[in-house]
Amino acid sequence: MSAWIDHKETCKCCGAVKVTNRFTYAYNGHPEQDIVREYCYDCKQSFIGTRQTVVRYGTVPKSGLSYNYRDNCNENGISCYLKNMRPRPEFTNGRNKMTFSAIVIGYGGDDEPLIDSKTIR
């Protein structure tokens, strides 16, 4: 079952209440707050090319590319969460949590940050 959800958000980086998202909610009954985008577009773009503390659930793929099962293709880097982001439960269950720093190179199909594996410290 899915429905459209409209809501405003406060960006965790700049504090502005300027994020309005309209997206399909179809996550098997997970509450809306588990899929909220936490950073505005401008702040997300400012992270690209910078070293950030990130959290990864599961092993780091040897290929350096995460797989997007929804879109059935590889991402252009390794998917992760920024340190202060709330992870979606379906991506964390039963997976080991790793925290490290890396360069953000873009965003994946699920709107998660992508990092370059060669920059992991």
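The values are calculated or read from the model by the stated rules, or taken from the named source; none is laboratory data. Keep in mind that what you see is a predicted model, and the values were worked out from it rather than measured. Because the Cβ atoms are built from the backbone with ideal geometry, glycine has one as well, and the counts that use them run over all protein chains shown.
Tell me whether the stretch 40-47 contains one or more residues that are modelled with pLDDT under 90, in a strand (DSSP E or B) and among the aromatic types (Phe, Trp, Tyr). No: zero hits. Is there any pair with a first residue in the stretch 43-71 that is touching a residue at least 24 places away in the same chain (Cβ under 8 Å) and a second that is of a type in the set (Lys, Arg) and surrounded by fewer than 16 Cβ atoms within 10 Å (Cβ to Cβ) whose Cβ atoms are under 7 Å apart and which are 6 or more apart or on different chains, and what are they? Note: pairs meeting the criteria are THR53/LYS83; VAL54/LYS83; VAL55/LYS83; VAL55/LYS97; TYR57/ARG95; TYR57/LYS97; GLY58/ARG95.
Annotation: of all residues in the stretch 65-93 being part of a loop (DSSP other than H, G, I, E, B) and hydrophobic (A, V, I, L, M, F, W, C), the one that is nearest to ASP110 (Cα to Cα) is CYS80.
The requirement of being over 30 Å from GLY15 (Cα atoms) and within 15 Å of the chain's Cα centre (by Cα) is not satisfied by GLY108. All conditions but one from (1) free of Cβ contacts under 8 Å to residues at least 40 places away in the same chain; (2) surrounded by 13 or more Cβ atoms within 10 Å (Cβ to Cβ); (3) on the phi > 0 side of the Ramachandran plot apply to GLY94; the one that does not is (2). A single entry from THR20, THR10, THR24 fulfils the requirement of being among the hydroxyl-bearing types (Ser, Thr, Tyr), farther than 19 Å from GLY77 by Cα and at pLDDT below 50: THR24. In the stretch 99-116, the residues that are part of a loop (DSSP other than H, G, I, E, B) reach residues that are of a type in the set (Phe, Trp, Tyr) with C-beta atoms within less than 9 angstrom, at least six apart or across chains, in these pairs: ASP110/PHE91; GLU112/TYR81; GLU112/PHE91.
All told, LYS62 falls short of being closer than 18 Å to GLY106 by Cα, at pLDDT 80 or above and charged (D, E, K, R).
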